[in-house]
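Contents: one structure, followed by commentary.
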Number of protein chains: 2
Amino acid sequence: MEEKEYLKRYWHTTSHILAQAVKRLFPEVKLGIGPPIENGFYYDFYREKPFTPEDIERIEKEMRKIIEQNFKIERIVVDKKEAEKILKDEKFKLEILSGIEDDKVSFYKQGEFIDLCEGPHLSSTGEVKYFKLLSVASAYWRGDEKRESMQRIYGISFPTEEKLKEYLNFIEEAKKRDHRVLGKKLDLFSIHPEIGSGLIFWHPKGAIVRKIIEDFWKDVHLKNGYQLLYTPHIADISLWEKSGHLSFYKEYMFPPMDIGNGKFMQLKPMNCPFHIIIYNTKLISYKELPLRWAELGTVYRLEKQGVLHGLLRVRGFTQDDAHIFCTPSQLKDEIKNLIDLVYFFLKKFGFNEFEVYLSTRPEKFVGSIENWDRAISELENALKEKDIPYKIDPGEGVFYGPKIDIKIKDSLGRLWQCSTIQVDFNIPERFQLKYIDEKGNFSQPIMIHRAILGSIERFFGILIEHCNGNLPFWLAPVQIKILPISQKYINFAMEIKEKLKDFRTEVDLKDEKINKKIKEAEEEKIPYMVIVGEKEMKSGKLSLRKHGKGMVGEFEIEKLKEIFKKEMEE
Amino acid sequence: MEEKEYLKRYWHTTSHILAQAVKRLFPEVKLGIGPPIENGFYYDFYREKPFTPEDIERIEKEMRKIIEQNFKIERIVVDKKEAEKILKDEKFKLEILSGIEDDKVSFYKQGEFIDLCEGPHLSSTGEVKYFKLLSVASAYWRGDEKRESMQRIYGISFPTEEKLKEYLNFIEEAKKRDHRVLGKKLDLFSIHPEIGSGLIFWHPKGAIVRKIIEDFWKDVHLKNGYQLLYTPHIADISLWEKSGHLSFYKEYMFPPMDIGNGKFMQLKPMNCPFHIIIYNTKLISYKELPLRWAELGTVYRLEKQGVLHGLLRVRGFTQDDAHIFCTPSQLKDEIKNLIDLVYFFLKKFGFNEFEVYLSTRPEKFVGSIENWDRAISELENALKEKDIPYKIDPGEGVFYGPKIDIKIKDSLGRLWQCSTIQVDFNIPERFQLKYIDEKGNFSQPIMIHRAILGSIERFFGILIEHCNGNLPFWLAPVQIKILPISQKYINFAMEIKEKLKDFRTEVDLKDEKINKKIKEAEEEKIPYMVIVGEKEMKSGKLSLRKHGKGMVGEFEIEKLKEIFKKEMEE
């Protein structure tokens, strides 16, 4: 944690150095804000002309000079009147100042440069060793589309050259793996903002992967005592009032559709209320509990245009949702089963490193403290009994109950939250859920919300980046490509395809040199290539090539099938 | 056809006899309209008090009297002025009269009763032999919710007692099989008008059937050279303008959602434009055609409240949609393949009688006559080469192209249209679809829309009624129920269940007499029951009972598995 704090300070100071350099080179520029962010920092500038790559180079050079000059960084506290004088030429800063309630405000000063800032900072500019400006993007002042468009310069800095290089490599690698780039190259999906921002069109090669994921998901759930549901995508607004979504979630919901006679329908942002409706269609006995109801439910959320990002942040997505209704005494075992299920799924997709968080009661909450404490201790006991290391996130539970979040670490070391297990005290109350207990009385069931992959779209995006588009054999849209050495061997290739019909196999029919065919199959990231020509036809032994690895050997068809079958099971 | 015409006349006259009887018994009643319908007739009456069952009996008695009186039925033509006099006490008839443009209007008179009517009718009331009044429903005058609520009396009549009995039996049987009744009884689905009329909630037992249907559908499609797609449920209104839906289909579309910045999104009533968007993401070569793209796409249509009916007419449903893009020379083979596929599917679900219609060019159409003629002849040739008997529906094609509709006959002899194969000349034009042909030029592909089941919801409804809720073994939510003779044998029952885990098997855990358990399993329409008790435990031979058939015999577990496996394959 201390290193993180230090880096924040480090980045914040680098952003001030950036602003100082910009003001030296372009005095007419007006300053916005310049905070440290998760990785690095940015500073927003208002300038009529765009910064060119040459400008950025000059700015970097000037920053180096400021570092060499090693200015002492001083914190200065003044009253607002004095602050207004200092900022008289900076209209954006004055706007910030006018929003501050305290009479005293702090500035940070280094050399000739002074900036309204809360800090903290390093003690001198010379402490910054290695830095790099990364990109320029545009951003509305205060995120408001009606205000000025600023130029946001992003950068990164580290105390050692090694760390900087490592980070730049990481960015480079992440760029290459960008699922938006790979999605297009491998023809997996597309997005068409003119038809709807954040809506995914699954092309045949993406759709077959999704189908395999969904089939696997359904089968595993059925084997684990779940039942499936299908529910509508729209509901009368009265349902969303009752569920509390119109109080707590309105801004993320698509606006209502006026269907006449005073009735309004709204797209669902969550599946829960629909499952509740089904729960309440009959009287449930304790003998039927736990009920585990799962749905691949497509929901719609009106995310801000600016935060949309490929498959990772969208407006329409399919949750691998489930709700478990159980008695209080069943809670711990259900959680333990869920943890097993989560790990089983994530490992199946090639994720092996996890971070687990248990989030406890926030300041605003519903339900009794007694129930919260009990649920938290059940969650904690389940984790302990499963020997799962976890961290407590104090007060970070949802208002309706405590939760366990399981984050996965991808091959670039990035953490992604997909799986979540949440206890809910709100909905059972609002919808008066009940069951008939052993004594014949009505009791309130405990309700668990859970998602394992989170969203099929987002999980697919993460998976593509994690494996750099090299989907594991069982998921690859095309598993095997048969490459005839020339057109003469196409019939033979088709025979082989027929023999491999248990797998997703294609024949390259193009009249091209074998090397070009191999190159193309490699670019398509197809796991296996089978090469067939004169030699293969005569011997009955087929040349097998593995993606990225080259030749594996020559095998008879039955042996090939065995190899592929083994791959399927892995 | 002549018998149909005669029955229409027969039913029309019976409706006049009904009106005459009502006017004799309740002179204050105002007459609405009384047409023959597909099966029987109705007459709408305005009366403050509702007709009671006793009233209906009295009316029937009076009708019999009118038939005995054997009035001659005369057609009388008068001018409008004279007509107004005749109708002076009938405000609804006067309203109809005011809407007639001709100066001459016709009446039909029988005894003291006279009615504004175009006819035709039988020659005398005595010609009506056997009739029955069936039900009373309410209906708004002219279908307008803001007008008077009329009482609509439905009835049926036939020249022979046998025909009448047959029809009444049919109604009785259809009522018992009503999928809305069975859906509730078997806990398959529910509808909640307060949350949204015409929206289906699939309960676990319905959802598992849907999953099996969908899995089967996808597998068969993949094996038949189809690729799958997934597309969003909403799109910017500009897409619906371009596709023509906002011109031709607006009244069935849910109203737009205003998402700000002048943008409006609308729920999709059809999937086609989305598939087109994907088609247009890259250049397609003739070598890639035909492309067969399938999607289980959920669409939303704002059907009028009054026409909604269980699963059969809904507002949200999942089409088993596909679009085929092919060259003109591929059209006939594609149609032939489609016919095979349709028959394969429908037979798999137990439908064996079909009526096939070929609908030709309507008055309003897009595309060239040459293309229409060519497509019609290709459709016709495909049907001929497949030896499929068909009828021509002249001028009944959609404005965008000719089509083949395949109707299924259910076990009650009712016809249902599910499968449709439609050629489309409109969308390829509007969206400028193209492919690179053999000569390297751009050509326009032919586009076929097709659905086999039509809508999963509707097909499921028809299927439930067709098999009276006795879903075939491969679709039954629970295939086998194990019934322990007493609680002592529950462990043994669980062992058997484990051995039958390839099937959907349940154990009846309730502490009840075996006869009650059998009765319940029969009511749940579970295909097989396995009874286990002392005798079965000792001998290892299990008693097998078949739904509706009783005991089948005693079998060892391996033999049982064989029996069930064979059932799966049927």
Q.
Taking the conditions exactly as written (open to solvent by 10 Å² or more (accessible area, probe 1.4 Å), touching a strand residue (DSSP E or B) at 6+ places or on another chain (Cβ under 7 Å) and not charged (D, E, K, R)), does B:Phe158 satisfy them or not?
A. yes
Q: Consider B:Tyr230 carefully, then state whether it is modelled with pLDDT under 95 and assigned by TED's automatic domain parsing to the domain that holds B:Ile427.
A: no
Q: Could you check A:Asp502 against (1) within 30 Å of A:Phe349 (Cβ to Cβ); (2) open to solvent by less than 20 Å² (accessible area, probe 1.4 Å) and say which number it fails?
A: (2)
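So which residues in segment B:1-24 are part of a helix (DSSP H, G or I) and open to solvent by 10 Å² or more (accessible area, probe 1.4 Å), if there are any at all? Before you say what the answer is, go through the steps one by one.
Just the residues of segment B:1-24 that are part of a helix (DSSP H, G or I), to begin with: B:2-24.
Listed by number, the residues that qualify are B:Glu2, B:Glu3, B:Lys4, B:Glu5, B:Tyr6, B:Leu7, B:Lys8, B:Arg9, B:Trp11, B:His12, B:Lys23, B:Arg24.
Counting just the residues of segment A:236-254 that are free of Cβ contacts under 8 Å to residues at least 12 places away in the same chain and more than 25 Å from the chain's Cα centre (by Cα), which one comes out surrounded by the most Cβ atoms within 10 Å (Cβ to Cβ)? Spell out how you get there, then give the answer.
Looking only at segment A:236-254, we keep the residues that are free of Cβ contacts under 8 Å to residues at least 12 places away in the same chain, and these are A:238, A:241, A:246-247, A:250.
Narrowing further to those that are more than 25 Å from the chain's Cα centre (by Cα): A:238, A:241, A:246-247.
Numbers: A:Ser238: 13, A:Glu241: 11, A:Leu246: 16, A:Ser247: 9.
Looking at residues that are free of Cβ contacts under 8 Å to residues at least 12 places away in the same chain and more than 25 Å from the chain's Cα centre (by Cα), I get A:Leu246.
Here's the yes/no breakdown for (1) assigned by TED's automatic domain parsing to the domain that holds A:Leu302; (2) under 19 Å from the mean Cα position of the chain (by Cα):
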residue: A:Lys163; (1), (2): no, no
residue: A:Tyr167; (1), (2): no, no
residue: A:Lys176; (1), (2): no, yes
residue: A:His179; (1), (2): no, yes
residue: A:Ile195; (1), (2): yes, no
residue: A:Leu199; (1), (2): yes, yes
residue: A:Pro204; (1), (2): yes, no
residue: A:Val209; (1), (2): yes, yes
Q) Of B:His179, B:His192, B:His203, B:His233, which residue is surrounded by 14 or more Cβ atoms within 10 Å (Cβ to Cβ) and closer than 30 Å to B:Asn337 by Cα? A) B:His233
Q. Would you say A:Ile66 is surrounded by 19 or more Cβ atoms within 10 Å (Cβ to Cβ), in contact with a helix residue (DSSP H, G or I) (Cβ under 6 Å, 6 or more places away or on another chain), touching a residue at least 12 places away in the same chain (Cβ under 8 Å) and within 25 Å of A:Ser123 (Cβ to Cβ)?
A. yes
Q | Pair list, Cβ under 7 Å, 6 or more apart: segment B:361-386 residue assigned to a loop (DSSP other than H, G, I, E, B), other residue among the hydroxyl-bearing types (Ser, Thr, Tyr) | A | B:Val366/B:Tyr400
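Residue under question is A:Ile208, and the condition is that it be at pLDDT 95 or above, within 14 Å of chain B (Cβ to nearest Cβ), in contact with a helix residue (DSSP H, G or I) (Cβ under 9 Å, 6 or more places away or on another chain) and open to solvent by 50 Å² or more (accessible area, probe 1.4 Å); does it hold? Give the steps one after another, and end with the answer.
Working: at pLDDT 95 or above: yes; within 14 Å of chain B (Cβ to nearest Cβ): yes; in contact with a helix residue (DSSP H, G or I) (Cβ under 9 Å, 6 or more places away or on another chain): yes; open to solvent by 50 Å² or more (accessible area, probe 1.4 Å): no.
For A:Ile208, the condition - at pLDDT 95 or above, within 14 Å of chain B (Cβ to nearest Cβ), in contact with a helix residue (DSSP H, G or I) (Cβ under 9 Å, 6 or more places away or on another chain) and open to solvent by 50 Å² or more (accessible area, probe 1.4 Å) - is not met.
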Q. For B:Asn470, all conditions in the list (1) open to solvent by 30 Å² or more (accessible area, probe 1.4 Å); (2) at pLDDT below 95 hold save one; what is the number of the exception?
A. (2)
Q | Members of segment B:550-570 found to be of a type in the set (Lys, Arg) and either modelled with pLDDT under 95 or open to solvent by less than 70 Å² (accessible area, probe 1.4 Å) (or both), listed by number | A | B:Lys561
Q | Conditions (1) assigned to a loop (DSSP other than H, G, I, E, B); (2) farther than 30 Å from B:Asn470 by Cβ; (3) under 20 Å from the mean Cα position of the chain (by Cα); (4) not small (Gly, Ala, Ser); number of the one not met by B:Asn352 | A | (2)
Q.
Of all residues being closer than 22 Å to A:Val314 by Cα and modelled with pLDDT under 95 in segment A:241-253, which is farthest from the other protein chains (Cβ to nearest Cβ)? Just the residue, please.
A. A:Phe248
Q) Do you know which residues across segment A:508-546 are open to solvent by less than 50 Å² (accessible area, probe 1.4 Å), touching a strand residue (DSSP E or B) at 6+ places or on another chain (Cβ under 6 Å) and within 21 Å of A:Trp474 (Cβ to Cβ)? A) A:Ala521, A:Ile526, A:Tyr528, A:Met529, A:Val530, A:Leu544
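Inspect all residues belonging to segment A:314-330 and state whether any of them is basic (Lys, Arg), open to solvent by 20 Å² or more (accessible area, probe 1.4 Å) and either more than 12 Å from chain B (Cβ to nearest Cβ) or more than 30 Å from A:Lys146 (Cβ to Cβ) (or both). Spell out the reasoning first.
Let us first name the residues in segment A:314-330 that are basic (Lys, Arg), namely A:315.
Keeping just the survivors that are open to solvent by 20 Å² or more (accessible area, probe 1.4 Å) gives A:315.
Right, trim to either more than 12 Å from chain B (Cβ to nearest Cβ) or more than 30 Å from A:Lys146 (Cβ to Cβ) (or both) and you get none.
No, segment A:314-330 contains no residue that is basic (Lys, Arg), open to solvent by 20 Å² or more (accessible area, probe 1.4 Å) and either more than 12 Å from chain B (Cβ to nearest Cβ) or more than 30 Å from A:Lys146 (Cβ to Cβ) (or both).
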Q) If you scan segment A:211-225, which residues turn out to be in contact (Cβ under 8 Å) with a residue 40 or more places away in the chain and at the interface with chain B (Cβ under 9 Å from one of its Cβ atoms)? A) A:Lys218
Q: Filter segment A:302-313 for residues that are hydrophobic (A, V, I, L, M, F, W, C) and either more than 9 Å from chain B (Cβ to nearest Cβ) or out of contact with any Pro (no Cβ under 9 Å at 6 or more places or on another chain) (or both) and give the result.
A: A:Val307, A:Leu308, A:Leu311, A:Leu312
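Find the strands (runs of 3 or more DSSP E) located wholly in segment B:257-301 whose residues include 3 or more that are facing chain A (nearest Cβ under 10 Å) and surrounded by fewer than 20 Cβ atoms within 10 Å (Cβ to Cβ), and list them. Break it down into steps so the answer makes sense when it comes.
Values: elements: B:257-260, B:263-267, B:291-300.
Correct list: B:257-260.
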Q) Hey, among B:Ser455, B:Ser419, B:Ser411, which residue is polar (S, T, N, Q), under 19 Å from the mean Cα position of the chain (by Cα) and open to solvent by 40 Å² or more (accessible area, probe 1.4 Å)? A) B:Ser411
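The values are calculated or read from the model by the stated rules, or taken from the named source; none is laboratory data. Because the structure is a prediction, the values reported are computed rather than measured. With ideal geometry, Cβ positions are generated from the backbone for all residues, glycine too; neighbour counts draw on all protein chains shown. We work out accessible area using only protein heavy atoms, side chains counted, and drop any ligands, DNA or RNA first. Shrake-Rupley method; radii C 1.70, N 1.55, O 1.52, S 1.80 Å.
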